Amino acid sequence: PRSTLFPSTTLFRSASKAPLTFTARSYTIKQTDELPAFAYDVTGFKLNETTAVLTSQPVISCNVPENKEPGTYPITVSGATAGNYEVSFVAGTLTILQADPVTVTADNQTKVYGDAMPKLTWKVVGGTLTGQPQLTCEATQQSPVGTYPITVAKGTIDYPNLTLVDGTLTVTKAPLTFTA
(Lines give C-alpha, C1' and ligand atoms only; values in the text may rest on other atoms or scores of the structure.)
Protein backbone atom coordinates (compact mmCIF):
# COMPACT_ATOMS: atom_id res chain seq x y z
CA PRO A 1 0.00 0.00 0.00
CA ARG A 2 0.99 3.37 -0.74
CA SER A 3 1.29 5.89 2.05
CA THR A 4 0.14 9.45 1.51
CA LEU A 5 1.50 12.14 3.68
CA PHE A 6 -0.83 14.92 4.54
CA PRO A 7 0.72 18.12 5.62
CA SER A 8 -0.12 19.06 9.12
CA THR A 9 -2.34 22.13 9.20
CA THR A 10 -2.56 24.21 12.29
CA LEU A 11 -4.90 27.17 12.48
CA PHE A 12 -3.73 30.13 14.49
CA ARG A 13 -6.18 32.81 15.46
CA SER A 14 -4.90 36.30 15.43
CA ALA A 15 -5.53 37.89 18.80
CA SER A 16 -6.36 41.35 17.55
CA LYS A 17 -8.72 43.65 19.35
CA ALA A 18 -11.72 45.22 17.66
CA PRO A 19 -11.44 48.96 16.98
CA LEU A 20 -13.53 51.23 19.20
CA THR A 21 -13.60 54.98 18.55
CA PHE A 22 -14.74 57.76 20.87
CA THR A 23 -15.47 60.97 18.96
CA ALA A 24 -16.08 64.23 20.81
CA ARG A 25 -19.00 66.20 19.40
CA SER A 26 -18.39 69.70 18.02
CA TYR A 27 -20.35 72.82 19.00
CA THR A 28 -20.70 76.45 17.95
CA ILE A 29 -21.89 79.06 20.45
CA LYS A 30 -21.77 82.84 20.96
CA GLN A 31 -19.81 84.45 23.78
CA THR A 32 -22.99 85.12 25.70
CA ASP A 33 -24.29 81.53 25.45
CA GLU A 34 -23.88 78.95 28.19
CA LEU A 35 -21.31 76.26 27.54
CA PRO A 36 -22.88 73.08 26.18
CA ALA A 37 -22.84 69.80 28.10
CA PHE A 38 -19.96 68.23 26.18
CA ALA A 39 -20.70 64.75 24.82
CA TYR A 40 -19.15 62.08 22.62
CA ASP A 41 -20.26 59.35 20.23
CA VAL A 42 -18.91 55.79 20.25
CA THR A 43 -18.55 53.52 17.23
CA GLY A 44 -17.26 49.95 17.02
CA PHE A 45 -18.94 47.97 19.79
CA LYS A 46 -19.45 44.30 18.87
CA LEU A 47 -22.11 41.81 19.99
CA ASN A 48 -24.50 44.53 21.19
CA GLU A 49 -22.03 45.57 23.87
CA THR A 50 -22.18 49.04 25.44
CA THR A 51 -19.99 51.25 27.57
CA ALA A 52 -20.71 48.79 30.40
CA VAL A 53 -17.79 46.64 29.11
CA LEU A 54 -15.27 49.47 29.56
CA THR A 55 -12.65 48.94 32.24
CA SER A 56 -12.26 52.72 32.57
CA GLN A 57 -14.75 55.35 31.52
CA PRO A 58 -13.91 58.19 29.10
CA VAL A 59 -13.33 61.75 30.27
CA ILE A 60 -14.29 64.71 28.08
CA SER A 61 -12.78 68.16 28.50
CA CYS A 62 -12.33 71.55 26.88
CA ASN A 63 -10.19 74.41 28.18
CA VAL A 64 -12.34 77.47 27.57
CA PRO A 65 -11.17 80.89 28.82
CA GLU A 66 -13.40 82.39 31.50
CA ASN A 67 -14.33 85.33 29.23
CA LYS A 68 -15.18 82.93 26.37
CA GLU A 69 -12.85 84.75 24.00
CA PRO A 70 -13.93 84.11 20.38
CA GLY A 71 -11.94 81.32 18.77
CA THR A 72 -11.76 77.56 18.30
CA TYR A 73 -10.95 75.24 21.20
CA PRO A 74 -10.35 71.46 21.08
CA ILE A 75 -12.77 69.19 22.89
CA THR A 76 -10.90 66.06 23.88
CA VAL A 77 -12.10 62.67 25.02
CA SER A 78 -9.63 60.28 26.66
CA GLY A 79 -9.09 57.60 29.26
CA ALA A 80 -11.46 54.84 28.11
CA THR A 81 -10.13 51.28 28.01
CA ALA A 82 -11.70 47.90 27.27
CA GLY A 83 -10.20 44.41 27.20
CA ASN A 84 -11.45 43.34 23.77
CA TYR A 85 -11.13 46.70 22.02
CA GLU A 86 -8.35 48.86 20.64
CA VAL A 87 -9.60 52.28 21.77
CA SER A 88 -8.94 55.47 19.83
CA PHE A 89 -10.07 59.04 20.34
CA VAL A 90 -11.09 61.84 17.95
CA ALA A 91 -11.23 65.43 19.18
CA GLY A 92 -14.13 67.77 18.48
CA THR A 93 -14.11 71.55 18.48
CA LEU A 94 -15.87 74.29 20.35
CA THR A 95 -16.18 77.37 18.18
CA ILE A 96 -17.01 80.55 20.08
CA LEU A 97 -18.37 83.40 17.97
CA GLN A 98 -18.35 87.03 19.03
CA ALA A 99 -21.49 88.18 20.82
CA ASP A 100 -23.97 90.25 18.84
CA PRO A 101 -23.14 93.95 19.01
CA VAL A 102 -25.15 96.01 21.46
CA THR A 103 -25.10 99.82 21.61
CA VAL A 104 -25.98 101.94 24.62
CA THR A 105 -26.68 105.55 23.66
CA ALA A 106 -27.25 108.42 26.07
CA ASP A 107 -30.43 110.33 25.20
CA ASN A 108 -29.82 113.96 24.30
CA GLN A 109 -31.40 116.34 26.82
CA THR A 110 -32.39 120.00 26.89
CA LYS A 111 -32.89 122.20 29.91
CA VAL A 112 -33.55 125.87 30.48
CA TYR A 113 -30.86 127.85 32.31
CA GLY A 114 -31.63 127.78 36.06
CA ASP A 115 -33.96 124.76 35.87
CA ALA A 116 -33.16 121.50 37.65
CA MET A 117 -31.03 118.97 35.85
CA PRO A 118 -33.09 116.49 33.80
CA LYS A 119 -32.89 112.79 34.53
CA LEU A 120 -30.20 111.25 32.34
CA THR A 121 -31.62 108.37 30.30
CA TRP A 122 -30.37 105.96 27.65
CA LYS A 123 -31.55 103.50 25.05
CA VAL A 124 -30.24 100.07 24.09
CA VAL A 125 -30.11 98.82 20.50
CA GLY A 126 -29.24 95.29 19.43
CA GLY A 127 -30.12 93.22 22.47
CA THR A 128 -31.05 93.05 26.11
CA LEU A 129 -28.49 93.81 28.78
CA THR A 130 -28.13 92.95 32.42
CA GLY A 131 -26.97 95.86 34.55
CA GLN A 132 -27.08 99.58 33.93
CA PRO A 133 -24.71 102.06 32.35
CA GLN A 134 -23.35 104.98 34.33
CA LEU A 135 -24.26 108.38 32.86
CA THR A 136 -22.60 111.60 33.95
CA CYS A 137 -22.73 115.23 32.90
CA GLU A 138 -20.60 118.05 34.26
CA ALA A 139 -23.41 120.59 33.86
CA THR A 140 -25.33 121.77 36.93
CA GLN A 141 -28.46 123.83 37.53
CA GLN A 142 -26.29 126.97 37.37
CA SER A 143 -24.38 126.05 34.19
CA PRO A 144 -24.47 128.80 31.55
CA VAL A 145 -26.12 128.43 28.16
CA GLY A 146 -24.24 125.98 25.96
CA THR A 147 -23.77 122.28 25.30
CA TYR A 148 -22.34 119.73 27.69
CA PRO A 149 -21.39 116.10 27.03
CA ILE A 150 -23.40 113.33 28.65
CA THR A 151 -20.82 110.58 29.09
CA VAL A 152 -21.75 106.90 29.09
CA ALA A 153 -19.63 104.33 30.97
CA LYS A 154 -20.17 100.57 31.34
CA GLY A 155 -21.42 100.86 34.90
CA THR A 156 -22.70 97.44 35.98
CA ILE A 157 -23.13 96.08 32.43
CA ASP A 158 -21.13 92.93 31.74
CA TYR A 159 -21.29 92.38 27.99
CA PRO A 160 -18.38 91.52 25.66
CA ASN A 161 -19.39 93.41 22.48
CA LEU A 162 -20.65 96.74 23.79
CA THR A 163 -20.50 100.16 22.15
CA LEU A 164 -21.14 103.26 24.24
CA VAL A 165 -22.35 106.47 22.58
CA ASP A 166 -22.32 109.75 24.49
CA GLY A 167 -25.11 112.28 24.30
CA THR A 168 -25.42 116.05 24.72
CA LEU A 169 -27.16 118.28 27.23
CA THR A 170 -28.15 121.62 25.76
CA VAL A 171 -28.78 124.49 28.19
CA THR A 172 -31.03 127.10 26.60
CA LYS A 173 -31.69 130.70 27.62
CA ALA A 174 -34.24 131.32 30.32
CA PRO A 175 -37.11 133.59 29.36
CA LEU A 176 -36.83 137.01 30.93
CA THR A 177 -39.77 139.38 30.78
CA PHE A 178 -39.67 143.10 31.54
CA THR A 179 -43.04 144.63 32.28
CA ALA A 180 -43.51 148.37 32.32
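Please work out the average accessible area per residue across the chain, using the 1.4 Å probe convention, and give it in Å².
Per residue, the chain has an accessible area of 68 Å².
Counting only pairs 8 or more places apart or on different chains, how many lysine pairs in the chain have C-alpha atoms closer than 14 Å?
Taking the chain as the scope, the lysine pair count is 5.
Amide H neighbours of A80 under 5 Å, counting only residues 5+ apart in sequence or on other chains, H built in-plane at 1.01 Å?
V59
Where both residues lie in the range 43-180, what percent of DSSP beta bridges are antiparallel, nearest 5?
Once the DSSP bridges in the range 43-180 are tallied, antiparallel ones form about 75 percent.
Add +1 for every Lys or Arg and -1 for every Asp or Glu among the other residues with Cβ under 15 Å from the Cβ of G146, and state the total. The partial results should precede the final answer.
Values: positive: K111, K173; negative: D115, E138.
My count for the surroundings of G146 gives 0.
Can you give the convex hull volume per residue for the Cα atoms of the chain, as a whole number of Å³?
Details: hull volume 27.2 nm³, N = 180.
That works out to 151 Å³ per residue.
Taking the Cα atoms of the range 81-180 alone, what are Rg (to one decimal) and Dmax (as a whole number) in Å?
25.7, 110
Enumerate the calculated ³J(HN,Hα) couplings along the range 121-135 in order (Karplus 6.51 cos²θ - 1.76 cosθ + 1.60, θ = phi - 60°), each rounded to whole Hz, writing x wherever the residue is Gly or Pro.
10, 8, 10, 10, 10, x, x, 10, 10, 9, x, 9, x, 9, 10
Along the positive direction of the dipole of the chain (beta-carbon charges: Lys, Arg +1; Asp, Glu -1; about the Cα centre), which of I150, T28, N84 reaches farthest?
Value: N84.
Can you list residues from other chains, or at least 5 along the same chain, whose modelled amide H is less than 5 Å from the amide H of N108?
Answer set, sorted by chain and number: T168.
What is the set of long-range amide H partners of Y27 at a cut-off below 5 Å, with H atoms built 1.01 Å from backbone N?
For Y27, whose amide H was placed from the backbone, the distant partners under 5 Å are T93, L94, T95.
Show me, for the range 16-22, the HN-Hα J-couplings you get by feeding each phi into the Karplus relation (A = 6.51, B = -1.76, C = 1.60, θ = phi - 60°), rounded to Hz, glycine and proline as x.
For the range 16-22, the Karplus curve yields 9, 7, 6, x, 9, 10, 9 Hz.
Heavy atoms only, probe 1.4 Å: what % of the accessible area of the range 18-76 goes to carbon and sulfur, would you let me know?
51 percent
Quick one: P(r) of the range 131-172 from all Cα-Cα pairs, 10 Å bins, percents rounded to integers, in order of increasing distance.
28, 43, 22, 8
Once phi is turned into θ = phi - 60°, what whole-Hz ³J(HN,Hα) does the Karplus curve with 6.51, -1.76 and 1.60 give for every residue of the range 50-64, x standing for Gly and Pro?
Couplings: 10, 4, 5, 7, 6, 8, 8, 7, x, 10, 10, 8, 8, 8, 9 Hz.
The values are calculated or read from the model by the stated rules, or taken from the named source; none is laboratory data. Everything quoted here is computed from the prediction, not taken from an experiment. No Cβ is skipped: glycine too gets one built from the backbone with ideal geometry, and neighbour counts run over all protein chains shown. For accessibility, only protein heavy atoms count, side chains too; no ligands or nucleic acids. Shrake-Rupley method; radii C 1.70, N 1.55, O 1.52, S 1.80 Å.
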